[in-house]
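Just so it is clear, none of the values below were taken in a lab; they were calculated from the coordinates. Everything numeric here is computed off the predicted structure, so don't read it as measured data. For neighbour counting, all protein chains shown are included, and Cβ atoms are generated from backbone atoms with ideal geometry for every residue, glycine included.
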Amino acid sequence: MNVVLLSIHVLAAIVFIGPVTVAASMFAPRARAALDAGGPDPVLETLHRITRVYAVAGIAVPVFGIATGSAMGVLGETWLVVSMILTAVAAVILAGAVLPGQTAVLAAVGTDAETRSTAMPLARRLSMVTGIFALTWAVVVVLMIARPGSTTGA
C-alpha cells in the first residue's frame, strides 16, 4: 500500500504542482508585455486558468503525502514536518498573492493606459512572489529526496 500511496503522491506532484509553477512563472513576464501593449492576451488568460485549475487539483499532493507519511510511520520526522509547513506556505503564497495578483493584472489588461501603468508594479511583484513559490517547492523536493536524519541511506 505504501508504494501505491507514494506513487500517487509523486505523480500528483509532477502532474499538478509542475504546471502551476510553470504557468505562474510564465504569467508575470507575459503580463508585463500585455500591459505595455494594451490589448487582451488570450495566452495570459490561459496561464491564469492553468494556475487556478491546477492549484485546486494540487490539493491531492498534500492529501496523499500525509496519507503516505502516516502509512510509513514518519509523520513526526523533522524533514516531513518542515516539508508540510513549506507546503502550507506555498499554498498561502499561491492563494493569497499569486492568484489574486494574476486576477488583478488580467482586469487591468486592455484598459486605459493609466490603469495599466498602475498594474505594472503588481506584475513585477508577481515575478518575485512566483519565484518564492517555486523556491519553496524546490526545497520541499530536496527534503523529500534527501530526508535529513533518515536511516534509509538515501
Please give the number of the condition residue 65 fails out of (1) touching a residue at least 40 places away in the same chain (Cβ under 8 Å); (2) under 18 Å from the mean Cα position of the chain (by Cα); (3) more than 22 Å from residue 4 (Cβ to Cβ). (3)
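Can you confirm whether residue 87 is touching a Pro at 6+ places or on another chain (Cβ under 9 Å) and either surrounded by 14 or more Cβ atoms within 10 Å (Cβ to Cβ) or among the basic types (Lys, Arg) (or both)?
The answer is yes for residue 87.
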Restricting attention to the range 133-152, report how many residues are on the phi > 0 side of the Ramachandran plot and exposed (fewer than 13 other Cβ atoms within 10 Å of the Cβ). 1
Any residue that is buried (at least 18 other Cβ atoms within 10 Å of the Cβ) and touching a Lys or Arg at 6+ places or on another chain (Cβ under 9 Å) - is there at least one of those in the range 106-114? yes
Condition check for residue 61: surrounded by 19 or more Cβ atoms within 10 Å (Cβ to Cβ), under 23 Å from residue 129 (Cβ atoms) and not polar (S, T, N, Q): yes
Could you check the range 1-107 for helices (runs of 4 or more DSSP H) lying wholly inside it with 2 or more residues that are over 19 Å from residue 136 (Cα atoms)? 2-12, 18-37, 42-57, 60-72
Being within 18 Å of residue 31 (Cα to Cα), surrounded by fewer than 14 Cβ atoms within 10 Å (Cβ to Cβ) and among the β-branched types (Val, Ile, Thr) narrows 78, 103, 130 down to just 103
